[in-house]
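*Asks:* The structure's right below; bear with me while I get my questions together.
Here, each number is a calculation from the coordinates, and none is a lab measurement. Not measured: the values here are computed from a predicted model. Using ideal geometry, Cβ is built from the backbone for each residue, glycine included, and neighbour counts are taken over all protein chains shown.
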Amino acid sequence: MEHYSVGAGRAITDYFNSPAFHAPKESELLAAILTELMRRGRPTTNKVIIASVIAKLEGEVDEALLQGYRNLLTQLLDGKDP
């Protein structure tokens, strides 16, 4: 089980929120999920991340976000970096 310090979580959040960072949609979704998991003190294992993406898919109604979550899930299951 991996644990990250508050400082590491803050550094990751700051990196993804920096104006110079222009990530693809799937990377933004993944960053939001990772941030949410770290704030809750949950592990960031593949299993937990995939379960979180599936939970987002089940609760989302916006078609653009649904497609982003589908793409992210596909990339995670294929072992590719989003």
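*Asks:* What is the set of long-range amide H partners of residue 60 at a cut-off below 5 Å, with H atoms built 1.01 Å from backbone N?
*Replies:* For residue 60, whose amide H was placed from the backbone, there are no distant partners under 5 Å.
*Asks:* May I ask you to evaluate 6.51 cos²θ - 1.76 cosθ + 1.60, the Karplus curve with θ = phi - 60°, for each residue of region 41-46 and list the ³J(HN,Hα) values in order in whole Hz, giving x for glycine and proline?
*Replies:* x, 8, x, 10, 7, 4
*Asks:* So, one more: With θ set to phi - 60°, apply the Karplus curve 6.51 cos²θ - 1.76 cosθ + 1.60 along region 56-65 and write out the HN-Hα couplings as whole Hz, x wherever there is a Gly or Pro.
*Replies:* 5, 4, 5, x, 8, 10, 6, 5, 5, 5
*Asks:* If you don't mind, another one. Separation between the residue 35 and residue 63 pseudo-spin-labels, each 7 Å from Cα along Cα→Cβ, expressed in nm?
*Replies:* 2.7
*Asks:* Give me the one-decimal nm value for the distance between modelled label points at residue 47 and residue 14, 7 Å along each residue's Cα-to-Cβ direction.
*Replies:* 3.4
*Asks:* Still on this structure, I have one more. Among the trypsin sites (Lys or Arg not before Pro) within region 32-68, which fall in a DSSP loop and have no more than 10 other Cβ atoms within 10 Å of their own Cβ?
*Replies:* Sites meeting the loop and neighbour criteria: 40.
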